[in-house]
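What follows is a single structure, written as structure tokens, with notes after it.
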Amino acid sequence: MLRTTLELAALGLIYFAISSWRTRDLLPADESGPAPAFTLQTLDGATVTAESLRGKTVLLHFWATWCTVCKQEFAALNAAFDRLGKDEALLTIVADADDAERLRRFAQERQLRYPIALADKRILRQFKINSFPTNYYLNKQGAVESRDIGMTTRWGFRTRMGCAR
């Protein structure tokens, strides 16, 4: 029993160390102020701003169409989007946003139901995006509550969004 406990503790410590190392260059999880302001266009032509998301727990999911790991998350993101509460929002932000019509086809072919915003270089710089997928979880005040890099499951998205309340 003690050995199992120590092994689980060691695994937890290793996971924490790797997660900390991978997110070291991202915006800090800091409730003292809002995440960077932004204004983006979505594939359906709507405008979304950081201010328009205030009052909601938000998952900002940065991805790219060429990212193999990102493609593995499409079903989990659809599921997370389908289960959003009235005080929650999911906004995915695609980095390779140079051809909106290509992206519309890409999203339609893969049956992506969630909002997809077109990134510009400014937002990628503001949120310090250097790898994909990268997630920021914002609390209702718009501050970064948590962040991660790499593949996330349905359960992971839901759990982290719940923690950002």
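The values are calculated or read from the model by the stated rules, or taken from the named source; none is laboratory data. For clarity, every value in this text was computed on a predicted model and none was experimentally measured. Every residue, glycine among them, receives a Cβ derived from its backbone with ideal geometry; neighbour counts consider all protein chains shown.
When the criteria are applied in full, LEU60 fails the requirement of being at pLDDT 95 or above and farther than 26 Å from ASP30 by Cβ.
In the stretch 14-28 there is at least one residue matching the filter, namely being in a loop (DSSP other than H, G, I, E, B), among the hydrophobic types (A, V, I, L, M, F, W, C), touching a strand residue (DSSP E or B) at 6+ places or on another chain (Cβ under 8 Å) and modelled with pLDDT under 95. Out of all the residues in the stretch 124-135, is one or more crowded, with 19+ Cβ neighbours inside 10 Å, within 12 Å of HIS61 (Cα to Cα) and touching a Pro at 6+ places or on another chain (Cβ under 8 Å)? Checked the stretch 124-135: at least one residue is crowded, with 19+ Cβ neighbours inside 10 Å, within 12 Å of HIS61 (Cα to Cα) and touching a Pro at 6+ places or on another chain (Cβ under 8 Å).
Among the residues of the stretch 32-62, the ones that are within 12 Å of LEU138 (Cα to Cα) and in a strand (DSSP E or B) come to 5 in all. Give just the number: which of (1) out of contact with any Leu (no Cβ under 6 Å at 6 or more places or on another chain); (2) closer than 17 Å to GLN41 by Cβ; (3) surrounded by 14 or more Cβ atoms within 10 Å (Cβ to Cβ) does GLY142 not satisfy? Here GLY142 clears every test but (2).
Highlighted here are the strands (runs of 3 or more DSSP E) found entirely within the stretch 108-159 that include at least 1 residues which are touching a His at 6+ places or on another chain (Cβ under 7 Å): 134-138.
For the stretch 103-123, taking the residues that are basic (Lys, Arg) and more than 22 Å from PHE81 (Cβ to Cβ), the one that is surrounded by the most Cβ atoms within 10 Å (Cβ to Cβ) is identified as ARG122. All conditions in (1) over 18 Å from THR159 (Cβ atoms); (2) in a loop (DSSP other than H, G, I, E, B) hold for LYS71, with the sole exception of (2). For the condition of a type in the set (D, E, K, R) and free of Cβ contacts under 8 Å to residues at least 12 places away in the same chain, LYS56 does not qualify. Residue count for the stretch 58-90 satisfying the condition of being closer than 19 Å to ILE123 by Cα, in contact with a helix residue (DSSP H, G or I) (Cβ under 7 Å, 6 or more places away or on another chain), surrounded by 20 or more Cβ atoms within 10 Å (Cβ to Cβ) and of a type outside the set (Phe, Trp, Tyr): 4. Each residue in the stretch 131-161 was checked for being closer than 21 Å to LYS86 by Cβ and free of Cβ contacts under 8 Å to residues at least 24 places away in the same chain, and 1 pass.
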